[in-house]
Amino acid sequence: MKLYYWLLNLLFPPKCILCRKLLSKEETDLCRQCRTEIYDFPKPKRAIPFIESWLALWYYEGKVRSSLLRYKFGGHRGYAKVYGRLLAMKLLRDNPDSFDILTYTPISRLRKFRRGYDQVLLLAEAVAAELGTEVVPTLKKIRHNPPQSGIGDAAHRRANVMGVYKAVDPARFAGKRILLLDDIITTGATASECARVLLTSGAKEVNCAAIAAANHQQKNQ
């Protein structure tokens, strides 16, 4: 087994998931420079409808944005374990014991077929493994809608996700506090619509966590 991992590291040396620089023996997941340069996402001041509270690891910009694009569209599904490990650490630090059920925002069957995987499900499985819990599917996407990334207006984003999600086995999460995972939060329209469906189906409250979130403060400066 040790020989296997030695060969694996020799053929595929670990790289920083943000800048892709080769990591030294003392570095894990992120290089020292990125750990210094990439600031944690501060405690959000912007409320998202139907969401009790939310958090993110980083701002969705620069190296973080490039990393997430590789993850979502470049086949780098192995990034999920690193994102999951870092997000689990932030959850334990900022919101310990804040949920009963861990779930995720699902993608459509067509998008999963084209991409080959559900990137948010992989993230949820990684976070669950770190926290010693399980992923509970609570939502199903019943309509393939245009990607939110191609829609700039907040109102149009809300309209684009309206009615595309359906609750799965509501009795399983009735009266429970739900932690909803997503990869990116921009306007919060997707998370809000998912939370609305969960709450109207019996959930007690919905909190949300993501890898990255848009820097609206910077846009408003």
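On the stretch given as the stretch 4-27, residues that are modelled with pLDDT under 90 and surrounded by fewer than 13 Cβ atoms within 10 Å (Cβ to Cβ) total 13.
The set of residues in the stretch 49-63 that are of a type in the set (A, V, I, L, M, F, W, C) and within 16 Å of the chain's Cα centre (by Cα) comprises I51, W54, L55, A56, L57, W58.
Restricting F73, F50 to those that are modelled with pLDDT of 95 or more, among the aromatic types (F, W, Y) and either open to solvent by 100 Å² or more (accessible area, probe 1.4 Å) or more than 30 Å from A203 (Cβ to Cβ) (or both) reduces the list to F50. In a residue-by-residue description of the stretch 100-113, the property of being in contact with a Cys (Cβ under 7 Å, 6 or more places away or on another chain), closer than 14 Å to D182 by Cα and buried (at least 16 other Cβ atoms within 10 Å of the Cβ) applies to at least one position.
Identification of helices (runs of 4 or more DSSP H) wholly contained in the stretch 11-103 with 1 or more residues that are in contact (Cβ under 8 Å) with a residue 60 or more places away in the chain yields 62-73, 79-94.
The values are calculated or read from the model by the stated rules, or taken from the named source; none is laboratory data. Worth saying up front: this structure is predicted, and the values here are computed from it rather than measured. Counting neighbours? That spans all protein chains shown, and the Cβs are built from the backbone with ideal geometry, glycine included. These area figures cover heavy atoms from the full protein model, side chains too; ligands, DNA and RNA do not enter into them. Shrake-Rupley method; radii C 1.70, N 1.55, O 1.52, S 1.80 Å.
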